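**Q** Once you've had a glance at the structure underneath, I'll fire off some questions.
Computed from the coordinates by the stated procedures, all read-outs in this text should not be read as laboratory data. Since the structure is predicted, the reported quantities are computational estimates derived from the model, not experimental observations. Cβ placement follows ideal geometry from the backbone for every residue including glycine, while neighbour counts extend to all protein chains displayed.
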Amino acid sequence: MIAYPAKFDCEDDGITVTFPDIPEAITCGYSEAEAMEYALDAIIAIFTEYIKHRRAIPRGSKARGKGMRTVVLPALEEAKIRLYEAMRQAGVRKSELARRMGLQKSQVDRLLDLRHRSRLDQIEAALAKLHKRLVVHVEDLPRAAA
């Protein structure tokens, strides 16, 4: 699971969200639900730029302190980030992965595009070319306070 702590600062005009581990990501919303939705979108937007510029994806720290929440990336986006990290670790560029898979580079671009709805079997095939495999597990959701 890829998760990041987010500081939710409530103001008169809404909630501002910042991330200790991702200083470029700042967003806001009028409600907690909207702020959480926009927080996820902000992370995805920043990580899209990180991937574009071949930057490392930072690890998330623990959410500690007042006003802190945890923003969890969806499974598909996590799989894409894990593929990107495996490529970086192996020193494999998109064009090389495309060659190994018998695909066009644009198809690999879509596999790494966090906004594109890729199929997991395609990500698994890409990871296999890097001698990796995708592992999925299920966790219980935290119980809401009663």
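**Q** From the list 94, 80, 105, which one is of a type outside the set (A, V, I, L, M), more than 25 Å from residue 21 (Cα to Cα), touching a Leu at 6+ places or on another chain (Cβ under 8 Å) and free of Cβ contacts under 8 Å to residues at least 60 places away in the same chain?
**A** Going through 94, 80, 105 in turn, just one is of a type outside the set (A, V, I, L, M), more than 25 Å from residue 21 (Cα to Cα), touching a Leu at 6+ places or on another chain (Cβ under 8 Å) and free of Cβ contacts under 8 Å to residues at least 60 places away in the same chain: 94.
**Q** Across segment 57-100, which residue is surrounded by the most Cβ atoms within 10 Å (Cβ to Cβ) among those that are touching a Lys or Arg at 6+ places or on another chain (Cβ under 9 Å), assigned to a loop (DSSP other than H, G, I, E, B) and small (Gly, Ala, Ser)?
**A** Within segment 57-100, the match that is surrounded by the most Cβ atoms within 10 Å (Cβ to Cβ) is 63.
Listed here are the residues, each with its yes/no results for (1) under 16 Å from residue 74 (Cβ atoms); (2) not basic (Lys, Arg).
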residue	(1), (2)
1	yes, yes
7	no, no
15	no, yes
20	no, yes
41	yes, yes
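**Q** How many residues does segment 35-56 hold that are farther than 16 Å from residue 7 by Cβ and either outside any loop (DSSP other than H, G, I, E, B) or in contact (Cβ under 8 Å) with a residue 40 or more places away in the chain (or both)?
**A** Adding up the residues that qualify gives 10.
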